[in-house]
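What follows is calculated from the coordinates using simple rules that are stated; it is not laboratory data. All of these numbers come straight from a predicted model, not from anything done at the bench. Because the Cβ atoms are built from the backbone with ideal geometry, glycine has one as well, and the counts that use them run over all protein chains shown.
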Amino acid sequence: MSTLTKLALGLMGKLRPAPSRGGAPEAIELPPPSTEGGLPLMDALRRRRSERAFLPDVLPAQVLSDLLWSAFGVNRPEAGGRTAPSALDAQEIDVYVALPEGTYRFEPRGHRLELVSAADARRVTGYQDFVADAPLDLVYVADHSRMKLVPVAQRTVYSAAAAGAIAQNVYLYCASAGLATVIRGWIDRDAIAQALGLGHDQEVLLSQTVGYPRA
Ligand SMILES: Cc1cc2nc3c(=O)[nH]c(=O)nc-3n(C[C@H](O)[C@H](O)[C@H](O)COP(=O)(O)O)c2cc1C
């Protein structure tokens, strides 16, 4: 679906997910993440960049597991600490995972994906054409109900900063693993909220596409 078509459908409030290819389980148990190795940090920082041309190849389960753990997984199980910071440790960002077979929410404590919708929401996650070609689009959603201790005037900037930290984790993992990625703010937030079935306390912040580079 072209950018122009998406813009037109979005204006009419009719930008919707594609039917799933089928076979979307209620939950996907991810393999334990490989939390050692990878590129040295300075090498990953040298390689970090945005890329916008993706192969359609599906990401192996281990890669998806490592990617989501890097993004916002639990790195200190005793205290429930995470790989990205959040103000007052509110952990208000949910990572939604749009795959060809269905749309899921990452559940970091169980390190699994929980089904949100048995539909392919990739094309809804942004206006740019490539979002539907790539095998994975992430959507960062703030749940304001978890930010009750954060002053109201600070909630938007704090949750945006938290999502930015997660996005950079994904960039660095992708640089290390030879994947392409781009964070995206040019998105139809209403269409995404509808596709994900979000409630009033939830705010769509950003999307991020991941896949193998079409280089
Ligand atoms: C908040 C934010 C929103 C962005 N939105 C988009 C977007 O909608 N589409 C896109 O292709 N790139 C988007 N980008 C990526 C920037 O265009 C990119 O980071 C910039 O051109 C610098 O390139 P680099 O990331 O390779 O250093 C966004 C970046 C940020 C930080």
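Computed values, structure above
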{"item": "Proxy reagent accessibility, fewest Cβ within 10 Å first, across 203, 92, 26, 114", "result": "26, 114, 203, 92"}
{"item": "Unit charges at the beta carbon, dipole of the chain: most positive-side option, 187, 39, 170", "result": "187"}
{"item": "Under-5 Å amide H pairs with residue 51, H placed in peptide plane, nonlocal only", "result": "181, 182"}
{"item": "Solvent-free Debye scattering, log10 I(q)/I(0), computed from the Cα coordinates of the chain at q = 0.09, 0.10, 0.13, 0.17 Å⁻¹", "result": "-0.33, -0.40, -0.70, -1.24"}
{"item": "Kyte-Doolittle mean at least -1.0, axial Cα span of 18 Å or more - DSSP H helices of the chain", "result": "155-177"}
{"item": "Compactness relative to 2.2 N^0.38 Å, alpha carbon Rg of the range 123-195", "result": "1.26"}
{"item": "Cleavage-rule hits, trypsin sites (Lys or Arg not before Pro), the range 46-98, DSSP coil, Cβ neighbours within 10 Å at most 12", "result": "49"}
{"item": "Cα gyration tensor category, rounded, prolate or oblate, for the range 27-136 with a/c compared to 1.5", "result": "oblate"}
{"item": "Estimated FRET transfer efficiency when R0 is 41 angstrom, pair residue 4-residue 165 (beta carbons, to 0.05)", "result": "0.75"}
